[in-house]
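Notes follow the structure.
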Amino acid sequence: MAQEYSLEGLQFTAGTPRVVAEGVGFCWYPAIRRFSSGELMIGYSLNPDSNENLVNVTGISLSSDNGATWARHCDVTGLSGRLDISLPDGTLAGPNQPFKPDPPGQWRSFVGHYGRFEQGGQRYTVELWGTRIEGLPRDVKPHAVQSRTRWAQLSPFRDTIELEPGRLMSTSYMTFDGDERYSTVVTVSEDEGRTWHYLSTVCGAEAGAGAREGFCESSLVRLEDGDLMCVGRMGGGRDQLLARTYSSDEGKTWTPIDRLPAWSVLPDIMRMSNGVLALSTGRPGLFLWLSTDRRGEHWEPFDVMAHHNAEMDSAHQISPGKYGLEPITREQYRSVHHDFDQPDQTTSYTSILEVEPGRLLMVYDRIPYGWMPVPTDAEVRSRILQRYPTFALPPDSMIPNERERIYILEIDIERQ
């Protein structure tokens, strides 16, 4: 049942998770997006978390009623990257992995596939090597072991800001040759995301000294005063707080980074229609962080995992892993993903979307065996979870046996 909560300056209601799709094997890393024509789409990975995958497959589910019901589930190939550019014609488009150097022999210009979901998700197309990234200021480090799906340590990331009509901004993180940590750069496009030109460096490797990985997995938001804020991951674990930086000149320059109280992977940030800044993240745990001030100076956490476990029965409980919230070593952090006795049961890769004024949807996953695949004969399956009020799935969409599952939960947020 729905539960009411209060945080400083906020009153909100969180619903009960609900199944919207299911599968076996890998089923994780979810994202939720909206077409300009109104339909919603959840995409999630069906692949191992590896740079050497021989095949990459994405599962999708669609909703035409703001997430009340989900149908038309299918698996697609060739679209393993982000598709977060919502075009006026009802298309979701964007660049896709893999990215390889083009022309060969240099490491500052890359090409990747360009994907499109059209007609509210009813049709998808892949333009082979239809995306370019150009003008990077330094050589990107090649992968030590290159494969047919990974050439370089380069990852265009999600969130696209429209600076002005027809001019898009996004971020990519990469390891430049000679560095040990990531750098994040801003690129801009004026052809619907097919060609991206380097604009500036948001955070270089030197600014990430002391962090495990450096600034990466970034998310962009336009603030109420017009400035841009970029929030990024600095590593993994409770002691690896997220970092952020501001730009007041449309991304040409960025302030030195500072730290947020939130941690630790894939921050997804947005400014809601009521002015509230919402940020989803976690590891350990799953959290929604909320801020009511214009520049996100003060944040209040909502423990999504605790709410989930209070709402769901034992078959759906999520454990943050044996190390909980205390600081841990890098070796411990990596081992907990593959610990069968007490694995970290969620990637903490989350995604949020405001579907109506004050109404937020959040997606996240449950992986009962950690980063290992779910055996096909297991009684407990991994689940991708999205939060929404309780509704029953249509009978013909249910499968009797336990499977990996996608859920949905709604959070209604009001300012006091």
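Throughout, read-outs are computed from the coordinates displayed, never taken from laboratory work. All figures in this text were calculated on a predicted structure; none of them were measured in a lab. FYI the Cβ positions are ideal-geometry reconstructions off the backbone, even for glycines, and counts take in every protein chain you see.
Taking the charge dipole of the chain about its Cα centre, with +1 at Lys and Arg Cβ atoms and -1 at Asp and Glu Cβ atoms, the residue from ALA262, SER314, HIS113 reaching farthest to the positive side is HIS113. Relative to the Cα centre, the charge distribution of the chain, modelled as +1 at Lys and Arg Cβ and -1 at Asp and Glu Cβ, gives a dipole magnitude of about 720 debye. As a ratio to 2.2 N^0.38 Å, the alpha-carbon radius of gyration for the stretch 243-308 is 1.18. Look at the dipole of the chain built from charges on Cβ: of ILE60, GLY226, VAL76, the Cα furthest out on the positive end belongs to VAL76. When Rg and Dmax are taken over the Cα atoms of the stretch 164-233, they come to 13.2, 39 Å.
Antiparallel beta bridges, as assigned by DSSP with both residues in the chain, represent about 95 percent of the total such bridges.
Note on LEU54 and ASP227: their simple-model spin labels are 5.1 nm apart, each label 7 Å out from Cα toward Cβ. For the stretch 170-282, the C-alpha radius of gyration sits at 1.04 times the compact-globule guess of 2.2 N^0.38 Å, with N the residue count. Restricting the calculation to Cα atoms, every distinct pair contributes to the Kirkwood radius of the stretch 54-95, found to be 11.9 Å. Put in order of Cβ neighbour count within 10 Å, fewest first, the listed residues VAL140, VAL55 become VAL55, VAL140.
Along the charge dipole of the chain, Cβ charges K/R +1 and D/E -1, which of ALA243, CYS216, LEU288 sits furthest on the positive end? So the residue furthest toward the plus end is CYS216. With q set to 0.10, 0.20 Å⁻¹, the log10 of I(q)/I(0) for the stretch 224-338, from the Debye formula over equal scatterers at the Cα positions, is -0.35, -1.09. Geometric descriptor of the stretch 99-207, per residue, is 115 Å³ (volume of the convex hull of the Cα atoms). 3J(HN,Hα) couplings calculated from phi for the stretch 272-277 with the Karplus curve 6.51 cos²θ - 1.76 cosθ + 1.60 (θ = phi - 60°) are, in sequence order, 6, 5, 8, x, 6, 8 Hz; Gly and Pro show x. Over 14 Å apart: what share of the alpha carbon pairs of the stretch 7-80 falls there, rounded to a whole percent? Above the 14 Å cut-off, the stretch 7-80 has 66 percent of its Cα pairs. For ALA2 and ARG72, the FRET efficiency from 1/(1 + (r/R0)^6), where r spans their Cβ atoms and R0 equals 25 Å, is about 0.35. The aspartates and glutamates whose alpha-carbon is closer than 17 Å to the alpha-carbon of LYS141, local same-chain residues fewer than 8 away aside, are GLU52, ASP102, ASP177, ASP179, GLU180, GLU206, GLU213. The ranking of TYR333, TYR246 by Cβ neighbour count inside 10 Å, starting from the fewest, reads TYR246, TYR333.
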